[in-house]
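Data block below; observations after.
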Number of protein chains: 4
Amino acid sequence: MLIILRQDCTNEQCTEVEEAVVRLGYKPLPVPGENRTAICITGNKGPVDPGPLIRLPGVLECITVTKPYKLVSREVHPENTVVRVGGVEIGGTKPVVIAGPCSVETEARTLAIAEAAKAAGATMFRAGAFKPRTSPYSFQGLGKEALVTLGRVREQFGLPIVSEVLDSESVEPMQDYVDVLQVGTRNMQNFSLLKKLGGVRKPILLKRGLAATFEEWLMAAEYLLAGGNEEVILCERGVRTFNDHARNTLDLNVVPLVRRVSHLPIVVDPSHGVGTRERVRPMARAALAAGAQGLLIESHTDPGMSYTDAAQTVSTNTLADIVRDMDVLSGLEPLH
Amino acid sequence: MLIILRQDCTNEQCTEVEEAVVRLGYKPLPVPGENRTAICITGNKGPVDPGPLIRLPGVLECITVTKPYKLVSREVHPENTVVRVGGVEIGGTKPVVIAGPCSVETEARTLAIAEAAKAAGATMFRAGAFKPRTSPYSFQGLGKEALVTLGRVREQFGLPIVSEVLDSESVEPMQDYVDVLQVGTRNMQNFSLLKKLGGVRKPILLKRGLAATFEEWLMAAEYLLAGGNEEVILCERGVRTFNDHARNTLDLNVVPLVRRVSHLPIVVDPSHGVGTRERVRPMARAALAAGAQGLLIESHTDPGMSYTDAAQTVSTNTLADIVRDMDVLSGLEPLH
Amino acid sequence: MLIILRQDCTNEQCTEVEEAVVRLGYKPLPVPGENRTAICITGNKGPVDPGPLIRLPGVLECITVTKPYKLVSREVHPENTVVRVGGVEIGGTKPVVIAGPCSVETEARTLAIAEAAKAAGATMFRAGAFKPRTSPYSFQGLGKEALVTLGRVREQFGLPIVSEVLDSESVEPMQDYVDVLQVGTRNMQNFSLLKKLGGVRKPILLKRGLAATFEEWLMAAEYLLAGGNEEVILCERGVRTFNDHARNTLDLNVVPLVRRVSHLPIVVDPSHGVGTRERVRPMARAALAAGAQGLLIESHTDPGMSYTDAAQTVSTNTLADIVRDMDVLSGLEPLH
Amino acid sequence: MLIILRQDCTNEQCTEVEEAVVRLGYKPLPVPGENRTAICITGNKGPVDPGPLIRLPGVLECITVTKPYKLVSREVHPENTVVRVGGVEIGGTKPVVIAGPCSVETEARTLAIAEAAKAAGATMFRAGAFKPRTSPYSFQGLGKEALVTLGRVREQFGLPIVSEVLDSESVEPMQDYVDVLQVGTRNMQNFSLLKKLGGVRKPILLKRGLAATFEEWLMAAEYLLAGGNEEVILCERGVRTFNDHARNTLDLNVVPLVRRVSHLPIVVDPSHGVGTRERVRPMARAALAAGAQGLLIESHTDPGMSYTDAAQTVSTNTLADIVRDMDVLSGLEPLH
């Protein structure tokens, strides 16, 4: 941490700051400047809390230098983490294709979609049993009945299942039916849920929050790793900005950053990231080209009839097109 | 809802859209234009789901006209809601002053702060027992021990207690110690928690989400009212924008809007809204001038020593100054 | 500047960085840490350009500490700047009320509005002769004819005139008719225009850019002062965020910050800041309560018939109400 | 336009709105609903100004349906526009590579960079003679001397030249040296400059504004076309959001949207879009995969020594890598 002193800071105040640093167990190193002095803190093993320092008279601001994340960092764990589930590798050499409808629908329809998705090249199946909805009056998902349907999909097509967990109470009932638990964008900083999932023996797909900074996202993953669960898949799904031409702003700039800074695999959800069916395929291409290790594509045999998110759901034909695009893109020289 | 057809929409496609509207139980009303036709939906009693319509060939976009909120709306409930707790009225004629440290600290210190806050003019006490923290390595609150301390504050000073509830599991243990349950900014769309709190017999202070639109915020409140809990207090606490000169961007534009559109009381938290101690007092003034019905001020007898959020915590002396400002501002002609 | 080295930075690389700092004429001060080393630059008289340093192998990032603004800073010029124009003081003891229609309309109507505005308590008159419009097909202002009308307003009512200057070419023709030249939000970083206006002998009202950081705004003012024009009035008018409930997000958090960091006066434009007529008065109150030294209010004798920005224009009756509010607010203890 | 009436709108007020619509020359079409009535406007040939309508008693809001852009729209001009300059096609079958340093440097160095860029596969050369800088104290470009250098580059290497025009005054002096005039992000809504450039016989590269909506960007292009200049190239270069992990947020979601909605070519500038050298190549790949028709890459033979924007400038070696990536990506099936 770097403590910037005010221009009018007195010698006594400066000494007081240095003493406070010593009391906290660190070493102060004064850096005299033309107009003001700064004090570097050394000897710390992790981030320093600015609380007790910013309050001191004479202090203008405290600039944090040390990164707060640790277990998710590539500096601590240089090799890529590869999450393995039912024969599928996420973070391995081949991008993963996670597909399915936004919500689980009737069993017959869900099985039909799963069959078509598998034929199109999907390697995992994703559909919501419990749906987070902005309105209390909107369809909230089929719940436990949907879990049973997801179990049938896995049994019949051998596709590992991804589904969203909304709260701690649902973790237990989902255990038998779901292979990867998704934490949704609105729950990225639901710390009670993250603590619970840190102790679970299932991989977690952690969606980035609607307005989460890169650091906050990694820190949410840090909760899972600190809790003992190292199988974490990051998922970029667009953030909220002033843009009104798309549901969200897909922030692909994070993809090469995650690849460099963290060892965790990253997948991209272009369906939520752009929010309109016609733009899903070009954005899926862009995500892979940027270095994403997989895609999450809302897809349906009859997209317009989807229970939820119809506007951004593509047909399983388009899904097959996207899988073909992946072959072309696999010709790009690996960067990471 | 208004369905905008593409310029190249054929007569058959147009008929198909009208038939789909009829099948959904509504009445279509075609609106011919120079370049394209639009179809108005009439006969609906609430918002229409665009899902089954946007998918039809010939449809360019669907524009929602009906507002999704209902129970929180002043059109449905014209009189102001006044929440009463322990002799204090929120949403009544006098603004409420909710003060206290960010986190509950030692019992002695917390009681000292409460005493000073009461002397300064605070009418309610707020402090966190369970803290949502970005980092798993940061102080997470004193938990149940803190609840007991809050009980002492109420007993000793007669101040009603506000404290944040992080998850459904904590609702029960908090019942005996806390008078108003706060839903924090990161949990505004934790729908499991909102459903649980809809069934609780305690007022809820609902903070606006970091990147929540006005409508999403009201819809979160709608969950509480739809669940049967009508004692909801809205709290603006700043939103996330590109600004880097303050912790958040306090969006006071919502204050007169809430006052007009909803019957629920609104309070403002300038401490989080600006994030630096020196600017809390001017922003507290601005919030009241804009029409806020109360303030939530992080305050401490020795702000710099706060366990958390020291940089934005004001002294109880400053709190007293803010209470004095309220007297001046009460001279403004009421607008609502 | 603080140069953070990579964890794997070698001793040779570290030495190379130090030598580069010396070559640039500064003094390097190494700060050893547990995991990595940082190098503080000392001996600089202004901000250091990170360009030649960030490129060096071994460097992770460069953190700028020195503020780039100088002439606008209160550290350099401790007393408030008071801009005087035609007997009116901006930045003095009494807030200024700048009112008028968005665009100059017919001479008769403009004079009628000016008369009503003056009666309501306005101390300056503002109306656009040249209008920046998003669409080339929208009304672009009455141009030179409008300037003549503005001259009449000044002559007849003694109100100093504020009007927007769109380009360097218009500076000359505006000289005789306009007392304060307004730089609009879209031109805040039109550096050619700023350089031209630095050499002009008229006060400048500098609106904040739609997405300008606090620092960029002060740096735009710095262009004017560096060019020799010290009569600069800052104007907050809302910024662009994800919010869709208002035309812009009025960022009142900047008001107490400008008051502390700069000696320049700051006024607020709640008309653009919120964009809907009904919310202008509460936001005008909030702006003054936060410490603004004046208001810019779009007002009209028949607001709905305004040539432009009708939705946010208030009646001159409302303007009179706002002036009455100012009396109440003048009872607040001065903070700056 | 759709006019939404208030729930408490009386019959007289409703009639008054209909009469106002008729007076404006349009036809009103009432749409009765359960709670409120709406009035559709028909018979308009372009967007309707809400000004005179929003003011009427009984009106809640006016929703614009007609798009304001016309000449830039693919509905009006279905075939792709191909801009041809010095043997290079922008918007044709092959993506264009515009490369060069941020600023023109010494003649020797600039020629060396041009030679290396051409060898790497660049098809156009771009460098700034006049630089828009946040600080008045930063390097402002070499000006006319730089133009002469750019003339040499064209002469010696046959590369068409792109360079930024900061103001109307510079248009004339640039005529002889520059083939494509760039309008920078800060000038996207400098309407005086846009009007001037509408009358110029040179292609314009129009960068998207820092916080420009999609519609505002197209409307800026509309100014150029309405002025008579149809050779316009759109350039996405990142927008400003809450993100702090990159200089800007590259909004690739616009790429497939421009391709569908407009006939104008679109190129992407990943250098500004991400702002750090290491991430330029992955984002260049992503831009092309999303459908961009060209790239603008800040590149240098010795990036760290760039006069400006060193942190985001890549080496000409990396430029060659990016050109190789283009070959792989050209294998993707065309979508537009």
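Scanning segment D:184-210 for residues being over 20 Å from D:R74 (Cα atoms) and either under 12 Å from the mean Cα position of the chain (by Cα) or outside the structural domain of D:S163 (by TED's automatic domain parsing) (or both) gives a total of 8.
For the residues C:G100, C:G92, the requirement of being out of contact with any helix residue (DSSP H, G or I) (no Cβ under 9 Å at 6 or more places or on another chain), of a type outside the set (A, V, I, L, M, F, W, C) and in the same structural domain as C:R201 (by TED's automatic domain parsing) singles out C:G92.
With the checklist (1) closer than 22 Å to C:R240 by Cβ; (2) at the interface with another protein chain (Cβ under 9 Å from one of its Cβ atoms) in hand, flag the one item B:R208 doesn't pass. So B:R208 meets the others, but not (2). If only residues of segment A:317-329 that are in contact with a helix residue (DSSP H, G or I) (Cβ under 9 Å, 6 or more places away or on another chain) and over 15 Å from A:K118 (Cβ atoms) are counted, the one that is nearest to the other protein chains (Cβ to nearest Cβ) is A:V328. Residues of segment D:265-316 that are of a type in the set (G, A, S), in a helix (DSSP H, G or I) and more than 10 Å from chain C (Cβ to nearest Cβ): D:S271, D:G273, D:A284, D:A286, D:A287, D:A289, D:A290. Tell me, yes or no, whether segment D:216-226 has at least one residue that is surrounded by fewer than 23 Cβ atoms within 10 Å (Cβ to Cβ), in the same structural domain as D:G91 (by TED's automatic domain parsing), of a type in the set (D, E) and touching a residue at least 60 places away in the same chain (Cβ under 8 Å). No, segment D:216-226 contains no residue that is surrounded by fewer than 23 Cβ atoms within 10 Å (Cβ to Cβ), in the same structural domain as D:G91 (by TED's automatic domain parsing), of a type in the set (D, E) and touching a residue at least 60 places away in the same chain (Cβ under 8 Å). Would you call A:L335 in contact (Cβ under 8 Å) with a residue 60 or more places away in the chain and in the same structural domain as A:G141 (by TED's automatic domain parsing)? Considered against the rule, which asks whether it is in contact (Cβ under 8 Å) with a residue 60 or more places away in the chain and in the same structural domain as A:G141 (by TED's automatic domain parsing), A:L335 comes out as no. With respect to the conditions (1) farther than 24 Å from D:T81 by Cα; (2) out of contact with any Leu (no Cβ under 7 Å at 6 or more places or on another chain); (3) open to solvent by 30 Å² or more (accessible area, probe 1.4 Å), D:S170 falls short on a single one, namely (3). Within segment D:91-106, the residues that satisfy the criterion of being closer than 15 Å to D:A122 by Cβ and in a strand (DSSP E or B) are D:V96, D:V97, D:I98, D:A99, D:G100. Scanning segment B:225-238 for residues that are more than 9 Å from every other protein chain (Cβ to nearest Cβ) and on the phi < 0 side of the Ramachandran plot yields B:N229, B:E230, B:E231, B:V232, B:I233, B:L234, B:C235, B:E236, B:R237. Quick check, is A:L264 modelled with pLDDT of 95 or more and open to solvent by less than 10 Å² (accessible area, probe 1.4 Å)? The answer is yes for A:L264.
I'd like the residue in segment C:282-302 that is of a type in the set (D, E, K, R) and crowded, with 24+ Cβ neighbours inside 10 Å and, out of all such residues, is farthest from C:L142 (Cα to Cα). The qualifying residue farthest from C:L142 (Cα to Cα) is C:R285. Here is a check on your reading of the model: is A:L53 within 13 Å of chain B (Cβ to nearest Cβ), assigned to a helix (DSSP H, G or I) and buried (at least 17 other Cβ atoms within 10 Å of the Cβ)? Yes. Scanning segment B:33-43 for residues that are under 21 Å from B:K70 (Cβ atoms) and surrounded by fewer than 18 Cβ atoms within 10 Å (Cβ to Cβ) yields B:T42, B:G43. Can you name the residue in segment A:1-32 that is part of a loop (DSSP other than H, G, I, E, B) and of a type in the set (A, V, I, L, M, F, W, C) and is also least open to solvent (accessible area, probe 1.4 Å) among such residues? My answer is A:M1. Can you report the number of residues in segment A:110-146 which are in contact (Cβ under 8 Å) with a residue 40 or more places away in the chain, more than 12 Å from chain B (Cβ to nearest Cβ) and surrounded by 18 or more Cβ atoms within 10 Å (Cβ to Cβ)? Selection size over segment A:110-146: 13. Within segment D:276-313, which residues are in contact with a Lys or Arg (Cβ under 6 Å, 6 or more places away or on another chain) and either at pLDDT 95 or above or outside the structural domain of D:L142 (by TED's automatic domain parsing) (or both)? Selection gives D:A289, D:G291. The residue that is surrounded by the most Cβ atoms within 10 Å (Cβ to Cβ), among those in segment D:56-90 that are in a strand (DSSP E or B) and more than 14 Å from every other protein chain (Cβ to nearest Cβ), is D:I90. Within segment A:227-240, the set of residues being acidic (D, E) and either surrounded by fewer than 24 Cβ atoms within 10 Å (Cβ to Cβ) or modelled with pLDDT under 95 (or both) comprises A:E230, A:E231.
In the set A:R126, A:R36, only one residue is at pLDDT 85 or above and not β-branched (V, I, T); that residue is A:R126. Among the criteria (1) within 26 Å of D:T313 (Cβ to Cβ); (2) touching a Gly at 6+ places or on another chain (Cβ under 8 Å); (3) among the basic types (K, R), the one D:K70 does not fulfil is (1). Scanning segment A:303-330 for residues that are open to solvent by 20 Å² or more (accessible area, probe 1.4 Å), over 16 Å from D:A289 (Cα atoms) and without any contact (Cβ under 8 Å) to a residue 12 or more places away in the chain turns up just one, A:M305. Scanning segment D:147-162 for residues that are in a helix (DSSP H, G or I), open to solvent by 50 Å² or more (accessible area, probe 1.4 Å) and of a type outside the set (D, E, K, R) yields D:V148, D:Q156.
The values are calculated or read from the model by the stated rules, or taken from the named source; none is laboratory data. What you are looking at is a predicted structure, and each value in this text was computed from that prediction instead of being measured. As a convention, Cβ positions derive from the backbone with ideal geometry for all residues, glycine included, and neighbour counts pool all protein chains shown. Just the protein is used for accessible areas: all its heavy atoms, side chains included, with ligands, DNA and RNA removed. Shrake-Rupley method; radii C 1.70, N 1.55, O 1.52, S 1.80 Å.
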